[in-house]
1. When you scan segment 81-93, how many residues do you find that are more than 22 Å from F135 (Cβ to Cβ) and loosely packed, with under 14 Cβ neighbours inside 10 Å?
2. Any residue at all in segment 114-130 that is under 24 Å from the mean Cα position of the chain (by Cα) and at pLDDT below 95?
3. Is there any pair with a first residue in segment 91-117 that is among the β-branched types (V, I, T) and a second that is in a helix (DSSP H, G or I) and surrounded by 10 or more Cβ atoms within 10 Å (Cβ to Cβ) whose Cβ atoms are under 7 Å apart and which are 6 or more apart or on different chains, and what are they?
4. Would it be correct to say that T82 is of a type in the set (S, T, N, Q), in contact (Cβ under 8 Å) with a residue 24 or more places away in the chain, under 27 Å from R138 (Cα atoms) and out of contact with any strand residue (DSSP E or B) (no Cβ under 7 Å at 6 or more places or on another chain)?
5. Starting from residues that are acidic (D, E) and surrounded by 10 or more Cβ atoms within 10 Å (Cβ to Cβ), keep the ones in segment 22-77 and report whichever is modelled with the lowest pLDDT.
6. Would you pick out the residues in segment 27-67 that are over 27 Å from the mean Cα position of the chain (by Cα), in a strand (DSSP E or B) and not small (G, A, S)?
7. Within segment 94-136, can you find the residues that are outside any helix (DSSP H, G or I) and exposed (fewer than 13 other Cβ atoms within 10 Å of the Cβ)?
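The values are calculated or read from the model by the stated rules, or taken from the named source; none is laboratory data. Keep in mind the model is a prediction, meaning the values are calculated, not measured. Note: ideal-geometry Cβ built from the backbone for every residue, glycine included; neighbour counts use all protein chains shown.
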Amino acid sequence: MSRTPKRKRLASRSGERRSSRGTYEVGYARPPKRTQFKAGQSGNPRGRPKGAKNEATILREIMTRKVDIRENGRTRKISVLTAILLKFTETALKGDAKSATFLLNRYGQAERDAPPAEGLSQDDRQLLDSYIRDFKARTKGTK
């Protein structure tokens with residue numbers, strides 16, 4: 001008695017395996033018709049749920065969320081990003097060189113990316129550039 005693989009035996013029992021003249025041959029990458037997905041049926045029915053958020057969306061929501069802060073005895077609502085930058089500013093003003101460097105780097109990047117400021121006079125621009133140079137020179141030795 002010859003033994004045939006189980007899949008072929010099952011397929012032949014259900015009548016899906018046809019002769020060479022038939023319309024459908026069960027084999028490698030050709031599963032029996034009864035086990036194939038029906039038209040309009042997904043192979044991953046649950047899949048990714050609608051409205052699932054990626055990391056960038058979650059981070060954007062966190063950074064734009066409003067938090068209460070107390071400033072000069074008053075409470076006001078600001079974004080998390082603004083609160084973080086304010087905290088860096090406070091520590092920089094207290095003498096933390098790393099906070100000052102971080103803020104100046106971020107400010108420099110924002111200035112490079114921003115369109116040219118038309119509101120500053122030439123004198124104001126020179127004064128601001130001089131202050132930035134002096135501040136960088138002072139913080140350079142404190143690293």
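1. Total satisfying the criteria: 1.
2. Within segment 114-130, one or more residues are under 24 Å from the mean Cα position of the chain (by Cα) and at pLDDT below 95.
3. T91/S99; T101/T139
4. No, not satisfied.
5. If we take residues in segment 22-77 being acidic (D, E) and surrounded by 10 or more Cβ atoms within 10 Å (Cβ to Cβ), then E25 is modelled with the lowest pLDDT.
6. The answer is R30, and nothing else.
7. Passing the criteria: K94, G95, A114, P115, P116, A117, E118, G119, L120, S121.
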